[in-house]
1. For the peptides 328-338, 393-403, 291-301, what is the packing order when you average, over each peptide's residues, the other Cβ atoms within 10 Å and list the highest mean first?
2. Show me 371-382, 49-60 ranked by packing, highest mean number of other Cβ atoms within 10 Å first.
3. Which order do the peptides 217-228, 105-116 come out in when sorted by mean C-beta neighbours inside 10 angstrom, highest first?
4. Per residue, how much space in cubic angstrom lies within the convex hull of the C-alpha atoms of the stretch 286-421?
Amino acid sequence: MASTLRNIHGKRSNFQSEFTGNGGSKRRNLHDDTDQNVIGSEETVYRYLCPVKKTGSIIGKGGEIAKQIRSDTKSNMRINEALPGCEERVVTIYSTNEELNHFGDDGELVCPALDALFKVHDMVVADTDHDDGNDDDDDLGEKQTVTVRMLVPSDQIGCVIGKGGQVIQNLRNETNAQIRVIKDHLPSCALTLSHDELLQIIGEPLVVREALYQVASLLHDNPSRFQHLLLSSSSSMHQPGAMLMSAALTSSHRNYAVRRDIADAREFCVCFICPAENVGGVIGKGGGFINQIRQETGATIRVNTSETDEDDCIIVISSKEFYEDQSPAVNAAIRLQQRCSEKVGKDANDLAISTRLLVSSSQIGCLIGKGGAVISEMRSVTRANIRILQKEDVPKIAREDEEMVQITGNPDAAMKALTQVILRLRANSFDMDHGLVLLPTSFPYIPQVTESSSKSKYAKRDDHSKLNSNSKRRNYVS
């Protein structure tokens, strides 16, 4: 395999990926008038993970730096809001695949997205230099170590790995960078697209820059089949001008992306089973906490009192929304999770929580998948125990057409699992499962938690619950 390497300002190497998982690497240039807020199947896309504390260096006051990058490179850039507990934000950079921009000292032509990727990377590294107080340029290349992390769809990562790992090994040998593809312990920002894999490059600044160029060139030549779904599956985007909005609400060549009928919005609902003793914490003194979450997220949050039993009550979080927009209900549910959950750890050093959700029987299949594939994947990715309880194992507070999803794990794992579950339910509600999840071909075996007793801890439903099964949803109080 040829592996002639370019210098940092020279031409790209001749690394040849034998990867054909995306239908081949040959590309055609499209000249149609496509929407800048929709990623075309023939465009080049990079998703760079920027540490939360470094995002100011690429956004700037009022979004001026991000606006300048877009203007200078003629590319599109979106900076996603960080998910709770995630220390990185996804910077999505995309453009035509045509090589129009001059890059490096010799003016090599590259696509606008690659040009923008390096402007972002250089700013993040420069911000790291400033934080470290390293003003000695002579020592910069010898002493400093930098890390680049990118999200890459699983149908595209093969071009970086190569047959038998040959391409990635050649990249390591020629650049002297540590290059890894990580499939486990992904950041929570990857969970909205569970088919993502994490590409990580570590080394001295010039070494990492060289390796990043080689990797970016391979990704440019081998687009993912699913990249047109990346923006619609993301959370809110940061646009220049310090405004948080989704792609579908910005200017567009397509009228449907600008003019949307609110009647077409759908209500999405998350239904927690909350221990009765936790309700006070959910509401807060004088309703302060629940009102704060309502105000900050825009979600409707209701506490059901008409069907509260001795042990549990229902907390329903809902909002009317469009699929491509940030979800107020998802945001509020994640923020309320710990207050709606039961602590199950034995002591402070063994902290674990149990989160319970009620899900319509008509939707539960999207969480199981064929042969249990989806639930196995969620367990593997999040490291949480996720169970689906039916019939007599469901608390009597549930309706006859509902089943219970139980998530158990440490707070971080439980939060990631809840994010997986509710995003899949939301996608199912909008008939958009294909836009959210690409299931892998195989799954690691995840052992099930053994029940200490076959007897359910919940009482069987009585006739009263059956009488209510055809009634309207529930009565609530704020």
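1. 328-338, 393-403, 291-301
2. Ranking, from highest mean packing down: 371-382, 49-60.
3. Listed from highest to lowest mean packing, they are 217-228, 105-116.
4. It comes to 148 Å³ per residue, whole-number rounded.
No lab work stands behind these numbers, since they all come straight from the coordinates. Just so we're clear, the structure is a prediction, and the values are computed from it rather than from any experiment. Note that each Cβ is placed from the backbone with ideal geometry, even for glycine, and that neighbours are counted across all protein chains shown.
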